[in-house]
Amino acid sequence: MSTWGSDDVAWPDDAVEVGRILDAWGIKGEFKVQPFSADPKALFSSRRWFLKPAEATAQRPAVPVPPKAGVAPLPTLLKITVARQHGDVVVARAQDVPDRNAAEALKGVRVFVARSSFPTAGKDEFYWVDLIGLNVVNREGADLGAVVDLIDTGPHCVLRIRPAGAAADADERLIPFVAAYVDDVDQVNKRILVDWGLDY
């Protein structure tokens, strides 16, 4: 019978969702993870991956799914022993995932890592999670809204900015996150200064 390790662990206050387990890999308990970033540094930076079940969808209701025979319920924490990039995915092995059956039981599970364990960003580099929620103002001091998400276009990212108090489906401003438009990112004061007019 496959068993998980101790589940008695505190969930980190700064947990960030960084990927999703796709499926088992091979027969020795390894599994594939789809990272949410083109550069999965966050997955490699920590040996402690926190887990939550897959989110419900219209096709998959939010009801508990019994584990496969011989496999214990989903743990809160995996202690990673190996993680390596393999094409667009990360292949990992954990202490308490001894075989393919245990790895298959993780399919669809959401992977979180403590933000405090991320590698230090380089000069003028930022993690998306650190930009979301920052207030955006232009050079004239006009408030453009807050960053609600980013879009990766390949060559650069684009800030998705929603005006304060606007509904989720309200019109958003899209500002390329490049030096031509972004003057300063002040994480301490939670503000991004941009060269962007209200009428753009």
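The values are calculated or read from the model by the stated rules, or taken from the named source; none is laboratory data. Bear in mind that the values here come from a model prediction, so they are computed numbers and not experimental data. A quick note on method: Cβ atoms are made from the backbone with ideal geometry, for glycine too, and the neighbour counts reach across all protein chains shown.
Data for the structure
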| item | result |
| --- | --- |
| Restricting the stretch 76-126 to residues that are of a type outside the set (A, V, I, L, M, F, W, C), surrounded by 15 or more Cβ atoms within 10 Å (Cβ to Cβ) and in contact with a helix residue (DSSP H, G or I) (Cβ under 8 Å, 6 or more places away or on another chain), the residue that is farthest from Ile151 (Cα to Cα) | Asp96 |
| Evaluation of Asp88 against (1) more than 24 Å from Pro12 (Cα to Cα); (2) touching a strand residue (DSSP E or B) at 6+ places or on another chain (Cβ under 8 Å); (3) modelled with pLDDT of 95 or more; (4) not aliphatic (A, V, I, L, M) (one fails), failing number | (3) |
| Residue within the stretch 122-138 that is aliphatic (A, V, I, L, M), outside the structural domain of Ala83 (by TED's automatic domain parsing) and touching a Gly at 6+ places or on another chain (Cβ under 7 Å) present | yes |
| Leu159 vs. criteria at pLDDT below 95, touching a helix residue (DSSP H, G or I) at 6+ places or on another chain (Cβ under 9 Å) and assigned to a strand (DSSP E or B) | no |
| Any hit, the stretch 173-181, residues being of a type outside the set (Ser, Thr, Tyr), modelled with pLDDT under 95 and farther than 23 Å from Ala38 by Cβ | yes |
| Condition met for Val18 (crowded, with 19+ Cβ neighbours inside 10 Å, at pLDDT below 90 and under 18 Å from Lys107 (Cα atoms)) | no |
| Test: residue in the stretch 119-134 that is over 22 Å from Tyr200 (Cβ atoms), in contact with a Lys or Arg (Cβ under 7 Å, 6 or more places away or on another chain) and among the aliphatic types (A, V, I, L, M) | yes |
| Residue pairs meeting the criteria (Cβ under 6 Å; at least 6 apart or on separate chains; first touching a residue at least 60 places away in the same chain (Cβ under 8 Å), in the stretch 72-91; second among the hydroxyl-bearing types (Ser, Thr, Tyr) and surrounded by fewer than 16 Cβ atoms within 10 Å (Cβ to Cβ)) | Ala72/Thr3 |
| Single residue of Val158, Val148, Val182, Val194 found to be within 16 Å of Glu125 (Cβ to Cβ), of a type outside the set (S, T, N, Q) and surrounded by 11 or more Cβ atoms within 10 Å (Cβ to Cβ) | Val182 |
